[in-house]
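The values are calculated or read from the model by the stated rules, or taken from the named source; none is laboratory data. Bear in mind the structure is a predicted one, so any value in this text is a computation, not a measurement. In this analysis, Cβ positions are derived from the backbone assuming ideal geometry, glycine residues included, and neighbour counts consider all displayed protein chains.
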Amino acid sequence: MTTTHLVPGTHTEQRILDLYRAHLSKGRATLAELFGTHMEVASEGAWITTSDGERFLNAGGYGVFIMGARHPVVMEAVERQLRTHPVATRILLEPTVALAAEALVSVMPPGLDRVHFALSGAEAVETGLKLARANGRKRTVSMHGGYHGKTLGALSATAKEVYQRPFRPLLPDVRHLPYGDADALEAELAAHPGEVCVILEPLQGEGGVIIPPKGYLKRVEELVREHDGFLILDEVQSGFGRLGEWWGADIEGVVPDVLLAGKALGGGVVPVSAAVATREAFRPFDKDPYVHTATFSGQPLLMAAVQGAIQAVRDGRLVSRAGDLGAVLLPRIAEIARRNIPDLLVDVRGQGLLIGVELTEAGLAGELLIELFNHGVVANHSMNGSSVVRFTPPATLTDQEVDVLLDSFDKATRALISGSATLPGRR
């Protein structure tokens, strides 16, 4: 069998669509048809190129591309490692994982200095939940609207009925509380002192870019400590500079027992996630190196990407750049939305480069995504907040690319209010 490399013009959209239906997901194929069955075959910086040569500004990607696609620093690190030693035996000491852990700890809140690397955000969540169990906290509290992944443990913490229903029974003793309600959390912790693991996001991404009340995160930390709980901050989407700080935890000076990272951690080149814990929280894993393992945890190719990604963010000052860009984009997106679609708009909100536009119904959000695509921009829906269109552009956007994004949003919202929404490719 030969390996086929997709390049522009070599495959018809219909053939790829048929392969999706035959071997992957019929539902995913149907969704692709809403976007004109375009195939993305190349990427660079903030841009995606399709098989027919069209270019789209990537303001989506679910938070992966904080430094854009194929950042040269990350690519150089990965290519160098690929040529020498991409996959390790995991029997001998291997330097890239140690150096990647050192680099990651250097940008973490103080006290978080033990690292377990994984591939997906859900795997990092599982690691955090297992650390809580190993430390005696058998009960789990997560928040309504929170999204933590779809593996069994992570799904138990993801408070979404439609995702949970086919897979019950899930983990026992899991409760979901209102996000932002410290009093409800206090009551739950007080009822079960020394037993509760609390997992939450500093800002809910898939929930629809939900920002908690000021001081809420710090109060959560105080309550967890007061009642001898265990705190996991899920920063898979909000972390790594996206909010204008390295981590959402930094905004209120919070230090959890475990902080979860992912998405952008692999530099937009390879999948990497991590659970970073305090020494005390990590103690059960320190005692037995085989109690929680994975074959591809900390593999050299991935660890080269982590080191490259951290260097790229530092050298490009992308953390502060994300804050500066967000301060420009958020008010301008809000102004355009209020001018063009006032009767369809509920809210525009965000922090840094995580921005949500909430419409009056989910169908309108879907139409806006299609119209954005029609006007050259890729954005995302929100899985736990279906009426919210989410923008997660890279912090490498130029002033010209900012103008492209805003102009496209202006045109897309005008088309939405005129009722002229059309499928991509049928303009």
Every pair of residues 6+ apart whose Cβ atoms lie under 8 Å, when the first sits in the range 199-216 and is outside the structural domain of ALA277 (by TED's automatic domain parsing) while the second is among the polar types (S, T, N, Q) and in a loop (DSSP other than H, G, I, E, B):
none
Criterion first (of a type in the set (Ser, Thr, Tyr), surrounded by fewer than 21 Cβ atoms within 10 Å (Cβ to Cβ), at negative phi and free of Cβ contacts under 8 Å to residues at least 40 places away in the same chain) does TYR179 satisfy it?
no
Selected residue [of a type outside the set (A, V, I, L, M) and in contact with a Lys or Arg (Cβ under 6 Å, 6 or more places away or on another chain)] from ASP228, ASP250, ASP181, ASP173
ASP173
Taking the range 388-414 as the region of interest, how many residues are surrounded by fewer than 21 Cβ atoms within 10 Å (Cβ to Cβ) and within 25 Å of GLY363 (Cβ to Cβ)?
5
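Residue by residue, here is whether (1) among the aliphatic types (A, V, I, L, M); (2) in contact with a Pro (Cβ under 9 Å, 6 or more places away or on another chain) holds:
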| residue | (1), (2) |
| --- | --- |
| THR49 | no, yes |
| GLY53 | no, yes |
| MET67 | yes, yes |
| LEU92 | yes, no |
| VAL105 | yes, no |
| PRO110 | no, no |
Is it true that some residue in the range 198-206 is crowded, with 17+ Cβ neighbours inside 10 Å, aliphatic (A, V, I, L, M) and within 30 Å of LEU93 (Cβ to Cβ)?
no
Residue check, GLY268 surrounded by 22 or more Cβ atoms within 10 Å (Cβ to Cβ) and touching a helix residue (DSSP H, G or I) at 6+ places or on another chain (Cβ under 9 Å)
yes
Among the residues listed as GLY248, GLY244, the single one being crowded, with 24+ Cβ neighbours inside 10 Å and touching a residue at least 40 places away in the same chain (Cβ under 8 Å):
GLY248
Can you tell me which residue is surrounded by the most Cβ atoms within 10 Å (Cβ to Cβ) among those in the range 41-87 that are of a type in the set (S, T, N, Q) and in a strand (DSSP E or B)?
ASN58
Residues (more than 15 Å from LEU171 (Cα to Cα) and part of a strand (DSSP E or B)) located in the range 110-144
LEU112, ASP113, ARG114, VAL115, HIS116, PHE117, ALA118, MET143
In the range 152-172, which residue that is outside any loop (DSSP other than H, G, I, E, B) and touching a strand residue (DSSP E or B) at 6+ places or on another chain (Cβ under 8 Å) is surrounded by the fewest Cβ atoms within 10 Å (Cβ to Cβ)?
SER156
Any residue at all in the range 294-308 that is among the aliphatic types (A, V, I, L, M), at negative phi, surrounded by fewer than 20 Cβ atoms within 10 Å (Cβ to Cβ) and without any contact (Cβ under 8 Å) to a residue 40 or more places away in the chain?
no
The conditions are (1) touching a residue at least 24 places away in the same chain (Cβ under 8 Å); (2) surrounded by fewer than 21 Cβ atoms within 10 Å (Cβ to Cβ), and SER238 fails exactly one of them. Which is it?
(2)
